[in-house]
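Beneath this line is the structure, given in structure tokens, with notes to follow.
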Amino acid sequence: MDTTVHAQWGGDQTTYGLEYLRVMKKYITNPYVKHRLLIDCAMETIDYGKDFKNIDDFWKPFAEYATDDSVVIAAYGKKVAAMKQTRPGMKAKDFSFEDAQGNQHRLSELRGKVVYIDVWATWCGPCKREIPYLAKRVEEYKGNDKVMFISISVDENREAWLKMIGNDKPQWAQYHVSEDQNEALSDAYGITAIPRFMVIKADGTIGDSDAFRPSDTDFHKKLDLFL
């Protein structure tokens, strides 16, 4: 999702999603059209929304209406479950990743510092557009031992990741997840699109599981709240 869409949507999209459902119930009878619109409704409400007061206000009526569409329910049921388990203040689910040398690491090893996480891939245009901004933020917080920045690549092609970081030589920690590790990370945090940014507090609890981007003009103001 590009920055313009991210800015346009965001926020609690419950009212939008419920109105979308109301119109569908009134006018849609064709099963195929219903399926396609259910996907669109879920995407625009759940993927593009954040900071929901109560995601079940949307999900329960949505799931009831989509009860015969197991594909849609399966696709978004996991994300909704993850959203409930990654609210601010909740214990961050641990997950593993590896460095360029193949050494394994875990999120829990980073306890004691605020961790700003960038989930990205070399093939993702919006991800790469954030990299110069992230590099700038890393430089701005250089010497601040209260925070660390890490990037986690979800590339299936590990060599493409190694080549890019070898050429660019980013000045912050770079990690990669295998297919199984990516699945665990995505399921735990409801990641269905990248780039995705997260803030984990020093005590290992969630600060923001769908956080502000490096290009956010209020980046310092938002991150400093967790330091």
message = Criterion first (over 15 Å from the mean Cα position of the chain (by Cα) and open to solvent by less than 30 Å² (accessible area, probe 1.4 Å)) does Thr14 satisfy it?
response = yes
ask   = Within region 134-144, can you find the residues that are open to solvent by 30 Å² or more (accessible area, probe 1.4 Å) and either in contact with a Leu (Cβ under 9 Å, 6 or more places away or on another chain) or within 23 Å of Phe95 (Cα to Cα) (or both)?
value = Asn144
ask   = Quick check, is Ser215 open to solvent by 10 Å² or more (accessible area, probe 1.4 Å), farther than 16 Å from Tyr116 by Cβ and in contact with an Asp or Glu (Cβ under 9 Å, 6 or more places away or on another chain)?
value = no
inquiry  = Need the failing condition index for Ala74 against (1) under 22 Å from Asp155 (Cβ atoms); (2) assigned to a helix (DSSP H, G or I); (3) not hydroxyl-bearing (Ser, Thr, Tyr), just the number.
reply    = (1)
query = What residue, among those in region 163-183 that are assigned to a helix (DSSP H, G or I) and of a type in the set (S, T, N, Q), is most open to solvent (accessible area, probe 1.4 Å)?
reply = Asn167
request  = Return only the number of the condition from (1) of a type in the set (S, T, N, Q); (2) within 26 Å of Asp216 (Cα to Cα); (3) at pLDDT 95 or above that Asn30 does not satisfy.
outcome  = (2)
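Which one of these is within 18 Å of Pro126 (Cα to Cα), surrounded by 12 or more Cβ atoms within 10 Å (Cβ to Cβ) and not acidic (Asp, Glu): Ala160, Ala202? Talk me through it step by step, then tell me what you get.
Numbers: Ala202 fails: within 18 Å of Pro126 (Cα to Cα).
Result: Ala160 is the single residue among Ala160, Ala202 that is within 18 Å of Pro126 (Cα to Cα), surrounded by 12 or more Cβ atoms within 10 Å (Cβ to Cβ) and not acidic (Asp, Glu).
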message = Quick check on region 117-133. Is at least one of its residues over 17 Å from the mean Cα position of the chain (by Cα) and either touching a residue at least 12 places away in the same chain (Cβ under 8 Å) or open to solvent by less than 50 Å² (accessible area, probe 1.4 Å) (or both)?
response = yes
request  = Inspect region 153-161 for any residue being among the hydrophobic types (A, V, I, L, M, F, W, C) and in contact (Cβ under 8 Å) with a residue 60 or more places away in the chain and give the result as yes or no.
outcome  = no
task = Just need a number here: residues in region 36-71 that are under 24 Å from Ile206 (Cβ atoms), open to solvent by 80 Å² or more (accessible area, probe 1.4 Å) and either in contact (Cβ under 8 Å) with a residue 60 or more places away in the chain or outside any helix (DSSP H, G or I) (or both).
result = 2
query = If you take the residues of region 72-92 that are buried (at least 18 other Cβ atoms within 10 Å of the Cβ) and among the small types (Gly, Ala, Ser), which of them is farthest from the chain's Cα centre (by Cα)?
reply = Ala92
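Return the only residue of Ser151, Ser186 being crowded, with 17+ Cβ neighbours inside 10 Å and part of a helix (DSSP H, G or I).
On the way: Ser151 fails: part of a helix (DSSP H, G or I).
That would be Ser186, the only listed residue that is crowded, with 17+ Cβ neighbours inside 10 Å and part of a helix (DSSP H, G or I).
So for region 96-108 (the condition being part of a loop (DSSP other than H, G, I, E, B), open to solvent by 90 Å² or more (accessible area, probe 1.4 Å) and of a type in the set (D, E, K, R)), does at least one residue qualify?
Start the filter on region 96-108 by keeping residues that are part of a loop (DSSP other than H, G, I, E, B), which leaves 99-103.
Checking which are open to solvent by 90 Å² or more (accessible area, probe 1.4 Å) leaves us with 101.
Among the residues that remain, those that are also of a type in the set (D, E, K, R) are: none.
No: zero hits.
The values are calculated or read from the model by the stated rules, or taken from the named source; none is laboratory data. Because the structure is a prediction, the values reported are computed rather than measured. No Cβ is skipped: glycine too gets one built from the backbone with ideal geometry, and neighbour counts run over all protein chains shown. These area figures cover heavy atoms from the full protein model, side chains too; ligands, DNA and RNA do not enter into them. Shrake-Rupley method; radii C 1.70, N 1.55, O 1.52, S 1.80 Å.
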